[in-house]
Each structure stands twice: as C-alpha cells, then as structure tokens.
Amino acid sequence: MSWNNRGIFRTVKFRVALWYALLFAFSAAVSFLLVFLYLRGSMLRQTDHKLTGYTDKVLYTYLTNDKFKRFDREVPLERVPANALEAMKRRMPDLQVLLAFERAGRKQHYYTVIGYADGKLYELRRESGGTVFTRRIQTADHIPLVRKSFRNMVAEEGSSNLFFRLLTPDGRVIAQSPLPQAYPVNANPDPSERFRTIPTSPPFRVVTERLFDGNILEIGRSLYYVQRRLELYSLIFFTTVGSILCLGVLCGWLIARKFISGVERLNAAAQHIIQSGDFSRRVPVRHDGIEIDNLVRAFNSMNANTEKLITELQHITDDIAHDLRTPLTRMRGMAEVTVSGPQEIAQYREMACDVAEECSKMVTMINTMLEITRTESNLETISESRLELNSLLRQAYELYQLLAEEKGQIFSLNLPEETVMISADKIKIQRIVANLLDNAIKFTPEGGFVTLDLTTAKGMAEIRVSDTGCGIPPQDLENIFKRFYRADSSRTLPGNGLGLSLVHAIVEAHHGKVTVESTEKGSVFTVFLPLC
Ligand code: ADP
C-alpha cells in the first residue's frame, strides 16, 4: 500500500487507529474538564474560606477594638448558654444580639455578646461568677486598630496579593490597605453578591460584606497562585495526554495490523487464485482470534470444496464424453455399414431401430444425470407426503419378482407387522428401490438369492436389499456412489454407473443415508430414512 495514492487513509488499520485516537482524545478531554473544574472549584472554596477568616478577624477588631485571638471563637447564638443570655437580657431588655464569642482561657471560660440597644452598640459579658459586664462600643474609635490589623494581615501575603477596604454605605473610604495595581477600584461594591471573581490579570477573588451598621467591608485576594497551579496542571495533563495519545495511535495501528493480518493473508490467497485458477492454495490458521480463524477455515474449506467440485466436474465431463462417444460411434458405424451395403429397406429399418434404441439410452442417461444434479443442488423440489413403505415395497416386490424368476433367482420379501410411515416423495423412493433391486438382480447369478427387507430402529426406517451376487471389491466400495463409476467386473453388463449416484442423491435429500456391505458372497445395501 503506497502512501502517495492515499490508499492508506482507506485502510482498516488507519481507521481503527483514528477511531482509537478520537475516542481517547474525547474521553481525555471530558475527564480533564471534570478534573479541572473540580480543582478550580476546590481552590476557589479554599480562597473563600480564607477570605471568610479575614472577615471574621476584621469584624472582631472593628467591634471590640481588640486583636482577634485564637481562643476567641465566634459561636452561633444557640451555643450561648440560655442562662447567660437571660442574665444579659435582664440587664439590657432591648438587646439585639449581633455576635457571640466564646472565650476559653486557661483560668476563665465565658461568653461575650455584642449587640444593639437604643441604637447603640454594646459588649456584654457574663463571667463564671454570674456578674454581667456591659461596655458601650464606639466603632469610630476602633478604626486606627482596624487599619493596623489591615497592615499586619497584608504584610503576611503582600500588598499585591491581598487588600482590605472599609467603606461607608455611600462609598466613602473609612480605612483601606494599599490596593494592588491590577485591581480596578470599585467605589460602590455590591454586597448583594458575597463572593465574586474579578477577571483582572491576575484575577481577584473578592468578598463584600455589609456590616451591621451599614458600612461595607471588602476583602480581595489574588488568584495568581491558583491560576498558576491550574496552568501547571493543564500543562502536565496535556503533555501526558499528548504522549499517551501518540502511543495510543501507534498501539491502535499495531493492534489493527495484527488483527487484520489474517484478512490480508486471505486476500493474498484469493488474488493468487483469481490470477492462477489454482484452488489448491490454503491459508494457514495462525490464531489471530476466533472470528478471523473461522474465516480462514471457511475460506480453506470453500477452496477445498471448489477444488473437489472442479476435479469432479472434469471427471464427469470426461465420463460423459466417453459415454456419449461410444453409442455415437456405434450409430455412425451402423449408418456407414448400412449405406455402403445393399440398398434394402429391411436393413434401413433395422438400422433405424438400433439408432432409436441407442438414442433412447443416451436420453435416459442424460435425464438421470440431470436428475442427480438437480436433486443434489436442491433445484428439484421434493414433494414430501406421508408414505406407507410396506405397500410400496410390496408393489416393488411384485414388479421385480417376474424378472428374478426369469433369471432363476429366489426373490423374497420380509415386511414387519406394523405399518412403517415416512415423509417422502413417493416417485423418488420408488426410484431408489428400483435401482437397488435392478442391481441386485443384475449382479446375482442364476440360482442366487435376492431379499428385500423392511425394519425400523432408532427412529429410522431401514430398507435393505441383499443379494448373493458377485459382490463389490473393497477398493471399489468407496467409489460406487460416484457418477459413472462401475467396477471392472461389471463392465460387461449393461448399465451406465449412474444408478447408485441417484440413490445417494435422493437419500441425502430426504435427510437419510445409504450404506453398503459387500463380500465375495454378496452385497447388502441399506437405506435409512427418518420415520414420521
Ligand atoms: P450400473 O449398475 O448402471 O453400472 P450403478 O451406479 O447402479 O451403475 O452401480 C455402480 C457400480 O456398483 C456397478 O457398476 C457395480 O460395479 C457396483 N454394484 C452396484 N450394485 C451392486 C451389487 N448389488 N452387486 C455387485 N456390484 C454392484
């Protein structure tokens, strides 16, 4: 297969390799997309978690004017013990609780609550002794510490990666850390959407939170490292997938080549047969897989059959030519002798009779040949009907008894008591019995015995024709069912070697079988036909 005629693109190998590659690329793309989205989502969640942590810290400082300590944990209001909350409410009945912190120090453990009452912000703390402390909070006083905490937190990650802004509801800046150059300053951040990704370069993840007093806290964190990590993952993924893809295509090609090798061998053999007409060529089975092996076996047996058929056809053609030439030569001889002899009408009449007889033999032979061929190739439909074998054999017996008597033979019939029924074509079965009886009587000398038996066994009717004739030599036994085959010993007797071929063809068409056993003392032909 040359590359320049583009035939390679139409080969199964190329198509298999291409499909492999496409399938692989598609599944790789889908899995990459899923993994990428999962990684991106989990990295964004990590960033959001970090931003929430910053929000808590800023809020704590903003409310308490104190640095967020590890043991000050914001807790849900339900976690605050009911008696502590009740004590605080007794102290300040209008209290609207905003936040609660749990302080679990080494010596003390208490809850601090921050809330509103009369439009003012208070911090209430119930200590273990039961005393409730109250403190008014002035958030404006806390701004310097908030600013400082902004600075400290920015110092940890760098001002290009992290920024904080505290704004009034109308967008006036109360406090802010230095803003990264890439970040477009938004004077009025929208707190309705808590987390947003700003598509700058690098992108920023921003949390915007409206505080209890209306002020807005905005904290942004660069997604530079997230982006870099995703880019790295993509690079690793595409490099790996690329190399696996190339490998996959190569493997696909090699696998397809291996599987297709059996077909290529078949093709080479078929081409050879087309060009040379040599049907003896066989393709070796190389275990390329059951399907290919079966194909190779089928091809080989098809070749063997064709070879056998052609050989048989050649023999048959030879035999036909031979069998037709003899009577034709005979007819020509008779005609020449008659024409060159005395011109008497009686001689012409005799010649015409001989010619008619020879012609009738030839017509019979040709008809039998046609019948064999049609029966073997199922061209002739067999009109099967329920057939009673007992009466059919009795009729045949009555018909042939005269002939046997003429030849001085003892002909006997043995029928079972029960009726034997088969499903068959009556005329064809009569042809079988007639052919077998013809032969038995023909090949049995005067004083010999011919017997016709009918029995049943294993769901089969068995028609047996036995004789005490000359028998068939062992070397001829396997050939007697072939067309035109005649044992040397029988060449002096009339016949054309087609009778047993016809018997064999008819029996096979009825899904039965015919067997022969023969010794010098006689022959036994048995026809097995399925009972119905
Ligand atoms: P034909 O009888 O016309 O020669 P058949 O096909 O009927 O052709 O038989 C083929 C050959 O088988 C015969 O020529 C003969 O040699 C052998 N044969 C068949 N039947 C018998 C038999 N009963 N006894 C001996 N030889 C037989």
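Relative contact order (percent) for segment 67-137, with alpha-carbon contacts under 8 angstrom and 6 or more residues of separation? Could the numbers behind the result be given before it?
On the way: 120 pairs, mean separation 18.4, N = 71.
So the answer I get is 26 percent.
Could you give the length gained on full extension between GLU405 and ARG491, defined as 0.36 nm per residue of separation minus the Cα-Cα distance, in nm?
Result for the pair: 28.6 nm of gain on full extension.
What does the accessible area of ASP476 come to, in Å² to the nearest 10, when a probe of 1.4 Å is used?
About 20 Å², ignoring ligands and nucleic acids.
Could you list the square roots of 5 times each eigenvalue of the Cα gyration tensor of segment 482-532, that is, the equivalent ellipsoid semi-axes, sorted largest first and rounded to whole Å?
24, 15, 7
Could you report the accessible area of TYR116 in Å², rounded to 10, computed with a 1.4 Å probe on the protein chains as they sit in the structure?
Roughly 60 Å² of TYR116 is accessible to a 1.4 Å probe.
Taking a spot 7 Å from the Cα of TYR233 along the direction of its beta carbon, which residues of segment 25-43 have an amide N less than 11 Å from it?
Of the residues in segment 25-43, 32-43 have backbone N under 11 Å from the label point off TYR233.
Short version: ³J(HN,Hα) in whole Hz for each residue of segment 314-322, in order, from phi by Karplus 6.51 cos²θ - 1.76 cosθ + 1.60 (θ = phi - 60°), x for Gly and Pro, what are they?
These are the phi-based 3J(HN,Hα) values: 5, 5, 4, 4, 4, 5, 4, 4, 5 Hz.
Kindly report the accessible area of the chain per residue (heavy atoms of protein chains, probe 1.4 Å, no ligands, DNA or RNA), in Å². It would help to have the intermediate numbers written out before the result.
Values: 31280 Å² over 532 residues.
Roughly 59 Å² per residue, with all protein chains present.
Which one of LEU254, MET351, THR47 has its Cα pushed farthest toward the positive end of the charge dipole of the chain, where Lys and Arg give +1 and Asp and Glu give -1 at the Cβ?
THR47
How many angstrom separate the Cα center of segment 202-266 from the Cα center of segment 412-443?
84
Once phi is turned into θ = phi - 60°, what whole-Hz ³J(HN,Hα) does the Karplus curve with 6.51, -1.76 and 1.60 give for every residue of segment 445-460, x standing for Gly and Pro?
With the stated coefficients, segment 445-460 comes to x, 4, x, x, 10, 10, 10, 10, 10, 10, 9, 9, 6, 6, x, 10 Hz.
For LEU211, what accessible surface area do you get with a 1.4 Å probe? Give it in Å², rounded to 10.
The accessible area comes out at roughly 20 Å².
What distance in nm separates the simple spin-label points at LYS67 and ARG297, each placed 7 Å from Cα in the Cβ direction?
The modelled label-to-label distance comes out at 8.7 nm.
If exposed means no more than 12 neighbouring beta carbons inside 10 Å and the site is in a DSSP loop, what's the longest run of the chain without any exposed GluC sites (Glu not before Pro)? All intermediate terms of the calculation are to be shown ahead of the outcome.
On the way: sites that count: GLU193, GLU344, GLU417, GLU418, GLU446, GLU478, GLU520.
It runs 1-192.
Mark the label point 7 Å from the Cα of ASN83 along Cα→Cβ and return the residues of segment 96-125 whose backbone N is within less than 17 Å of it.
Under cut-off, by backbone N: 109-112, 125.
Can you give the extra length, in nm with one decimal, that the chain gains between LYS120 and SER423 once fully stretched, where that is 0.36 nm per residue apart less the Cα-Cα distance?
Numbers: separation 303, 0.36 × 303 = 109.08 nm, distance 11.28 nm.
Fully extending the segment from LYS120 to SER423 adds 97.8 nm.
log₁₀ I(q)/I(0) of segment 381-530 at q = 0.12, 0.14, 0.21 Å⁻¹, via Debye over equal Cα point scatterers, no solvent, to two decimals?
Calculated log10 I(q)/I(0) at the listed q: -0.47, -0.65, -1.44.
Note the direction-averaged projected area, equal to a quarter of the hull surface, for the Cα convex hull of the chain, in nm².
Details: hull surface 228.5 nm².
Here the figure is 57.1 nm², rounded to one decimal.
Once fully extended, how much extra length lies between ASP56 and LEU145, figured as 0.36 nm per residue of separation less the alpha-carbon to alpha-carbon distance?
30.6 nm
Using label points projected 7 Å from each Cα along Cα→Cβ, tell me how many nm separate ALA321 and LEU477, to one decimal.
For the pair ALA321/LEU477, the computed spacing is 3.4 nm.
So who's got an amide H within less than 5 Å of the one on CYS532, skipping anything under 5 residues away but keeping other chains? H placed 1.01 Å off N, in plane.
For CYS532, the qualifying residues are MET421, ILE422, SER423.
Relative contact order for the chain: what percent, with Cα pairs under 8 Å and sequence separation of 6 or more?
9
Give me the distance between the Cα centres of segment 65-123 and segment 268-343, rounded to whole Å.
Their Cα centres are 110 Å away from one another.
By the scheme Lys and Arg +1, Asp and Glu -1, what is the net charge of all other residues having a beta-carbon under 14 Å from that of CYS251?
+3
Amide H neighbours of GLY448 under 5 Å, counting only residues 5+ apart in sequence or on other chains, H built in-plane at 1.01 Å?
Result for GLY448 returns ILE410.
Going toward the positive end of the dipole of segment 381-530, with +1 on Lys and Arg Cβ and -1 on Asp and Glu Cβ, which of VAL524, ILE422, THR451 do you reach last?
Value: ILE422.
For VAL12 and THR197, what does the FRET efficiency come to when R0 = 30 Å and r is the distance between their Cβ atoms, rounded to the nearest 0.05?
Numbers: r = 49 Å, r/R0 = 1.64.
Efficiency, from the Cβ-Cβ distance: 0.05.
Cβ under 12 Å from GLN409's Cβ, GLN409 left aside: what net charge do those residues give with Lys, Arg +1 and Asp, Glu -1?
The answer is -2.
Please compute the contact order of segment 381-530 in relative form: average sequence separation of alpha-carbon pairs under 8 Å and at least six residues apart, divided by the residue count, as a percent.
It comes to 23 percent, rounded to a whole number.
Give, as a single signed number, the net charge of other residues whose beta carbon lies under 14 Å from the beta carbon of THR492, with Lys and Arg counted +1 and Asp and Glu -1.
Neighbour charge sum, excluding THR492 itself: +2.
Treating the beta-carbon of each Lys and Arg as +1 and of each Asp and Glu as -1, no other charges, what is the dipole magnitude of the chain about its Cα centre, to the nearest 20 debye?
Values: 65 positive and 60 negative charges, 1224 e Å.
Magnitude of the dipole: close to 5880 debye.
Apply 1/(1 + (r/R0)^6) to the Cβ-Cβ distance of ILE310 and GLU508, taking R0 = 25 Å, and write down the FRET efficiency to the nearest 0.05.
Computed FRET efficiency for ILE310 and GLU508: 0.75.
I'd like the carbon and sulfur percentage of the solvent accessible area for the chain, probe radius 1.4 Å, heavy atoms only, ligands and nucleic acids excluded. Working shown, then result.
On the way: 17860 of 31280 Å².
Ligands and nucleic acids excluded, carbon and sulfur give 57 percent.
Kindly express, to the nearest 10 degrees and within the range 0 to 90, the angle between helix 499-509's C-alpha long axis and the longest C-alpha principal axis of the chain.
30
The values are calculated or read from the model by the stated rules, or taken from the named source; none is laboratory data. What you see is a predicted model; the values in this text were computed from it and never measured. Here Cβ is always computed from backbone atoms with ideal geometry, including for glycine, and neighbour counts include all displayed protein chains. Accessible surface areas use protein heavy atoms only, side chains included; no ligands, DNA or RNA. Shrake-Rupley method; radii C 1.70, N 1.55, O 1.52, S 1.80 Å.
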